[in-house]
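Written below as structure tokens is the structure these notes are about.
Each value in this text was obtained by applying a stated rule to the coordinates, not by laboratory testing. No experiment lies behind these values; they were computed from the predicted model shown. Virtual Cβ from ideal backbone geometry, glycine too; neighbours counted across all protein chains shown.
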């Protein structure tokens with residue numbers, strides 16, 4: 001394991017990140033993207049918000065006790081600078097990801113699915129690549145050292161276009177696996193496209209560059225076309241899981257993530273179509289899949305059956321959506337919903353070791369969504385729970401010789417060193433450590 005510490009001067013890894021010496025491609029294979037295929041992206045006429053314009057070079061500012069525009073929050077958030085241990089752990093875990101799973105320039109700047117290179121595809125699926133991308137984006141938000149990750153974040157975001165294709169008949173989407181020439185292509189999963197959109201939002205917040213907001217719009221257009229319009233189904237509505245004629249599943253995750261992306265887009269553009277979709281999707285999850293405060297069953301099937309499995313990221317998407325809608329509308333009902341879901345979910349996930357048993361990647365969504373709410377209405381229980389989980393995972397699931405995390409086949413649970421380390425799991429832990437290292441005045445930008 002190679003750990004780069006900010007107090008040791010500009011080490012080799014810092015130089016590589018800042019100068020992009022890793023040979024990352026300047027841009028992905030985006031010749032099929034709408035902007036490259038005679039389909040111009042929607043032009044954004046508004047100015048980036050103040051949040052979006054804040055760059056990675058923002059000096060660390062302590063949160064004051066002032067209340068802004070009636071929001072109780074930012075005022076109440078803890079103002080202490082984050083513990084530097086989280087930045088150190090995030091950087092070390094990212095170094096291990098890059099050393100062991102990144103394919104480099106010769107591999108088109110992509111990732112392997114896991115450390116067992118003898119099996120599977122030569123490159124990861126979109127889901128893994130997106131999470132590695134988000135890891136770089138979250139590192140970019142760290143105070144002080146964030147700019148050292150700007151080139152990596154930009155290259156990773158650009159590389160998402162390697163997964164973009166337009167199917168015969170003109171149906172575009174980010175596919176589950178690389179289309180030609182790098183792979184054989186795959187299906188369009190609407191949850192994948194929703195989280196790709198959230199990564200574009202992250203990069204927009206970091207840079208203020210409107211091209212990323214345009215791309216978030218494009219990803220939303222893909223994800224939202226999955227809204228099911230069959231009025232004969234039990235609990236009609238919800239977002240389909242996959243863009244195929246034989247899809248029979250509408251999920252809490254895909255619906256909640258689409259709602260979250262739409263809420264961001266409404267906040268940034270003020271366009272009511274995004275508000276209507278976000279509230280419609282949120283309401284469907286609440287009325288059709290809610291088990292209790294903060295807990296949402298996994299999915300409904302067209303035959304009327306329900307998969308009752310509970311996952312942390314389904315809790316998180318609803319907390320985040322309500323938080324963003326509160327900020328965007330000033331309607332206190334949304335803050336109440338977000339807070340109720342946070343408290344209800346913490347009471348469940350924080351008991352009996354349940355959080356540790358969840359896949360790390362699902363927890364990465366959940367903890368960032370809790371921190372987003374914390375930026376609006378502070379509750380020390382959020383960070384306390386997250387830090388306990390992060391500390392335990394660093395201690396119990398990490399191989400100190402390699403810096404890689406090993407979990408059960410589920411992606412969570414006890415240490416299992418014989419299971420190959422996975423890009424998905426490693427990226428999740430980078431995201432969690434990085435989020436804990438963000439300064440409190442910037443947590444409102446986390447996504």
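Here is how the numbers come out for the structure above:
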item: Ranked by how many other beta carbons lie within 10 Å on average, peptides 206-215, 139-148 from highest; result: 139-148, 206-215
item: Least to most buried among 244, 385, 103 (fewest other Cβ within 10 Å first); result: 244, 103, 385
item: Whole-Å distance, taken between Cα centres, linking the range 391-437 and the range 182-216; result: 25
item: Listed peptides 169-176, 150-157 by packing density, highest first (mean Cβ within 10 Å); result: 150-157, 169-176
item: Radius ratio Rg over Rh of the range 95-230, counting only Cα atoms, Kirkwood formula for Rh; result: 0.98
item: Segments 183-194, 425-436 sorted - mean Cβ within 10 Å per residue, highest first; result: 425-436, 183-194
item: Distance between modelled label sites at residue 119 and residue 81, nm, 7 Å Cα→Cβ extension; result: 4.6
item: In nm, spacing of pseudo-spin labels at residue 330 and residue 347 (7 Å Cα→C-beta vector); result: 3.2
item: The range 238-382 - percent relative contact order, Cα under 8 Å, separation 6 or more; result: 22
item: Inter-part distance where the range 325-341 and the range 263-309 are each reduced to a Cα centre, Å; result: 15
item: For the range 114-172: span of alpha carbons on each principal axis (Å, largest first); result: 46, 34, 14
